[in-house]
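Quick note: the coordinates plus some simple rules give every number you see, no bench work behind them. What you see is a predicted model; the values in this text were computed from it and never measured.
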Amino acid sequence: MNDELPEVLTLGHPKLAQPSVRVDLEDIKTDLFQERLALLERGLKHYGANGIAAPQLGWFERYFLMRDPSGSGALVYWINPELKILDPELVWYWEGCLSVPGLKAYVGRPRGIKVDGYDRYGRPLSHEFGDWEAHLYQHEHDHLDGILFPYRVADPRHMVTADELKQRDNWPDDWPVAGAREAPIRVVNPDG
Ligand SMILES: [Zn+2]
């Protein structure tokens with residue numbers, strides 16, 4: 001068994017920016033796949049993240065792990081998830097990513113979504129997410145499509161360093177855009 005935690009790939013790695021392929025459902029029960037799920041969990045805990053996706057660890061298949069955003073503490077694996085937008089109105093949060101160290105961005109994402117996929121045992125899994133839960137979910141799902149949060153910013157000025165974001169009380173009210181200074185920070189990596 002290989003239990004070494006792979007290094008996290010970061011912004012600019014060409015394969016991180018490619019769509020990943022679907023998991024063969026027959027593979028879910030294999031030792032190799034289950035070992036990778038365990039490594040995702042170790043990585044999530046090691047980095048103190050709210051989510052971590054297989055492509056970030058160099059496995060270019062469609063699965064990820066995220067903390068249940070409702071605060072239950074549960075860790076939920078999503079395999080081959082399909083996303084449908086229920087409410088396209090954007091909600092805005094500051095977000096970060098293990099693969100984009102040191103940077104944060106003010107990003108708008110659809111407010112309501114429905115997801116259908118499979119859990120870690122290959123059983124069907126469906127859920128509707130709203131507001132910040134939908135925001136977090138979509139960040140992780142984007143990794144499966146090769147999309148990192150900097151690709152989602154409405155304006156390059158909406159991306160700042162983590163250090164600068166800590167100083168935002170000193171920003172003008174409308175910097176970098178009206179509403180951003182007061183928006184919640186939903187960091188995927190609290191230490192990032
Ligand atoms: Zn991420």
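Stretching D174 away from K84 to a fully extended chain increases their span by 29.2 nm, per 0.36 nm per residue minus the current alpha-carbon distance. Alpha-carbon geometry of segment 46-192: the Rg and the Dmax are 15.2, 50 Å, given in that order. DSSP finds beta bridges in the chain, and of those with both partners inside it, around 90 percent are antiparallel.
Dividing the mean sequence gap of close Cα pairs (under 8 Å, 6+ apart) by how many residues the chain holds gives a relative contact order of 24 percent.
Apply the a/c threshold of 1.5 to the C-alpha gyration tensor of segment 58-142 and tell me whether it is rounded, prolate or oblate. Taking the square roots of the gyration eigenvalues as a ≥ b ≥ c, segment 58-142 is oblate. Computed from Cα positions, the angle between helix 131-144 and the longest principal axis of the chain comes to roughly 60 degrees.
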